[in-house]
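Engineer: Mind having a look at this structure? Questions to follow.
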Amino acid sequence: MRDLRPAGWVILTYRDKPSLQPDQLYLEKIGLPIWEAEHRAAGLRQISAKTRRFVYERDGHMCRRCGVAAGEEYADDPGVHARLTLGHVNPHKSGNGANAEDLITECARCNETVKHLTGVQMTKEQVWDRMKELPLRGKRDLLAWMKVDHRPLSPAEKAWGMYRQLPAAVREELEKDLEALMRS
């Protein structure tokens with residue numbers, strides 16, 4: 001869907017059109033025929049399976065914005081489960097490609113929200129006030145994350161991200177196996 005927007009396609013979500021359900025889309029305008037060679041560059045941004053897999057693994061199969069894992073239920077929206085997607089660090093229209101350095105793992109909700117943040121992003125002062133309130137350990141952690149532009153995941157968080165990628169039946173087996181391991 002996002003690949004069509006730069007080619008002039010207008011596809012609305014429930015955030016744009018309140019009468020839609022969260023899983024519904026509305027095609028408002030058909031853009032350039034990107035299936036034709038002369039229009040392909042206007043829309044398609046193909047990300048190879050290898051690059052997609054690398055980025056998901058690099059990011060621990062978790063949204064880098066909110067930290068939710070694939071298939072995990074949102075804490076503030078019971079019954080709604082996260083679906084991971086890839087987002088561009090800088091907008092594609094600025095000429096950025098589809099290589100791993102330009103991509104981050106995002107849940108669909110954060111990916112869509114980023115587009116709607118214009119005018120409602122927190123100010124530097126608001127963020128600074130929150131940073132000042134952190135205990136010393138929190139400030140140290142935050143500064144380390146800022147320097148590498150990434151929050152390293154603990155081994156348990158990495159295992160959680162990998163676990164969430166497995167089919168439900170396999171996850172149930174692993175849960176039982178871990179319970180048995182901890183009892184012994």
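Engineer: Please work out the FRET efficiency for the pair Glu125 and Ala75, using the Cβ-Cβ distance as r and a Förster radius of 25 Å; give the result to the nearest 0.05. Spell out each step's value before the answer.
Structural biologist: On the way: r = 27 Å, r/R0 = 1.09.
According to the calculation, E is roughly 0.40.
Engineer: What is the gain in length, in nm to one decimal, between Asp141 and Ala180 on full extension, counting 0.36 nm per residue of separation less the C-alpha to C-alpha distance?
Structural biologist: Numbers: separation 39, 0.36 × 39 = 14.04 nm, distance 3.43 nm.
The Asp141-Ala180 span can extend by a further 10.6 nm.
Engineer: Could you give each residue of region 129-140 its phi-based ³J(HN,Hα) in whole Hz, using Karplus coefficients 6.51, -1.76, 1.60 with θ = phi - 60°, and x for Gly or Pro?
Structural biologist: With coefficients 6.51, -1.76 and 1.60, one gets 4, 5, 5, 5, 6, 5, x, 3, 4, x, 5, 5 Hz.
Engineer: Under 5 Å between amide hydrogens, which residues at least 5 positions from Val68 or on another chain qualify, with H placed 1.01 Å from N in the peptide plane?
Structural biologist: Cys63
Engineer: Still on this model: Tell me whether region 127-184 comes out rounded, prolate or oblate; compute the Cα gyration tensor, take square roots of the eigenvalues as a ≥ b ≥ c, and use a/c under 1.5 as the rounded threshold. Don't skip to the answer; put the middle values down first.
Structural biologist: Numbers: a/c = 3.62, a/b = 2.54, b/c = 1.42.
Prolate.
Engineer: What are the ³J(HN,Hα) values, in whole Hz, obtained from phi via the Karplus relation 6.51 cos²θ - 1.76 cosθ + 1.60 with θ = phi - 60°, for each residue of region 20-28 in sequence order, with x given for Gly and Pro?
Structural biologist: Karplus values, whole Hz, x for Gly and Pro: 7, 7, x, 9, 10, 10, 10, 7, 8.
Coordinate-derived values only; no laboratory data. This is a predicted model, so every value here is computed, not measured. Backbone-built Cβ (ideal geometry, glycine too); neighbour counts: all protein chains shown.
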